[in-house]
1. With a point put 7 Å past each Cα toward its Cβ, work out how far residue 109 is from residue 41 in nm, to one decimal.
2. To the nearest whole percent, what portion of all C-alpha pairs in the stretch 1-92 is separated by more than 20 angstrom?
3. Once the cut-off is 18 Å, how many percent of the Cα-Cα pairs in the stretch 100-221 end up in the long-distance tail?
4. Round to the nearest 0.05 the FRET efficiency obtained for residue 160 and residue 226 when R0 = 41 Å and r is the Cβ-Cβ distance.
5. Add +1 for every Lys or Arg and -1 for every Asp or Glu among the other residues with Cβ under 14 Å from the Cβ of residue 38, and state the total.
6. Grab the other residues whose beta carbon is less than 12 angstrom from that of residue 263, score K and R as +1, D and E as -1, and report the net.
7. Three principal axis extents, largest first, for the C-alpha atoms of the chain, in Å?
8. Inverting the mean 1/r over all pairs of different Cα atoms, compute the Kirkwood radius of the stretch 214-291 and quote it in Å.
Amino acid sequence: MKIVEVLKSPGVKLSLEVFPPKANADYSKIQSAIDEICALKPAFLSVTYGAGGTTSENTVKIASHVQQDLGVTSLAHLTCVGATKEQIRNKLSELKSGGIENVLALRGDIPDRENFPIPNGFSYASELVDFIKSESDFCIGCACYPEGHVECASREDDIDHLKLKVEAGAEFLTTQMFFDNNILYNFLYRLREKGVTAPVIPGIMPVTNANQLSRIGSLSGATLPRRFKALIERFGGSPAAMNQAGIAYATEQIIDLIANGINTIHVYTMNKPDVAGSIMRNLSEIIGKSL
Ligand code: FAD
């Protein structure tokens, strides 16, 4: 099913996320985690694409398995940094053969600024959206950044660039993680003011391990509210307590989003069926209900 149709269907929904194994990793172990996550019946499953296309073969393989064998709608991420138009055309054809209908069109992080963009390549995700649109009928989503993308000098410019992706054909937007819902509400307000009306799926990251934080800070630049930092300080030293507290914090964020009228939320579950399962159980009287 196309994700635009999933979004229109009634009821509160969660989408979940997995990342494919690197070439030398234990494929069967990751596949069984993915199977467990799919058994939770997410609205759709996002399958990431390794930086620079490093796990691209496995992205197609996992997304097809999820879609065709497990009957869960899959969203295959696709980055274009370092890829030629010909390579992207081939990737789109593999995705099509794998029965995939949805693509999250991303630029990806630039590994080598001196040689960017490559000849016959892409500079921005909006160009990838344009290209996919001209070649195929995938339902296309894009990334958005409530606190602004790390490379962009101003949040307003970043929204102007986001608008280009929607004008090129992006039908929905998934946000970068955030830990204060007011940041999301403020972002949505600014988007609507600029005339960006595509559905936005807020992305929530359950932080179940204090070590995740340094990576989150450097990758996303997400603001960590005082309330969240207090939780890390108090529970970060105990893995079991941190796991429970991180799941509770993410659950509370999700409940607040739903209470404020948002029906579809994306959870960055990162191959952790136990975390995904705990969140689903915490929301068992809410998910799937038309409240
Ligand atoms: P773009 O939309 O192209 O934006 C990149 C930067 O360029 C921004 O600062 C933007 O403001 C600026 N810009 C855009 N257009 C213009 C223009 N015309 N002129 C000037 N500046 C412009 N990475 C992976 O490697 N694999 C994944 O699977 C993956 N999944 C992700 C999923 C989500 C929901 C999110 C939020 C991010 C994901 N990322 C992933 C990370 C993403 O690849 C990086 O954040 C990357 O640096 C930007 O990608 P983008 O598609 O947002 O780029």
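Every number in this text was worked out from the coordinates using simple rules, so none of it is lab data. Just so you know, these numbers come straight off a predicted model, no measurement behind them. Cβ sites come from the backbone with ideal geometry, for glycine too, and all protein chains shown count toward neighbours.
1. Rounded to a tenth, the inter-label distance reads 3.7 nm.
2. Working: 1581 of 4186 pairs.
Tail of the P(r) past 20 Å holds 38 percent of the pairs.
3. Working: 4123 of 7381 pairs.
The answer is 56 percent, as a whole percent.
4. Working: r = 32 Å, r/R0 = 0.77.
Taking R0 as 41 Å, the efficiency between residue 160 and residue 226 is 0.85.
5. Working: positive: 41, 272; negative: 17, 35, 36, 69.
Charge balance in the 14 Å sphere: -2.
6. Values: positive: 8, 13, 289; negative: none.
Charge balance in the 12 Å sphere: +3.
7. Sorted from largest, the Cα extents of the chain read 51, 43, 39 Å.
8. Numbers: mean 1/r = 0.0717 Å⁻¹.
Mean inverse Cα-Cα distance, inverted, gives 13.9 Å.
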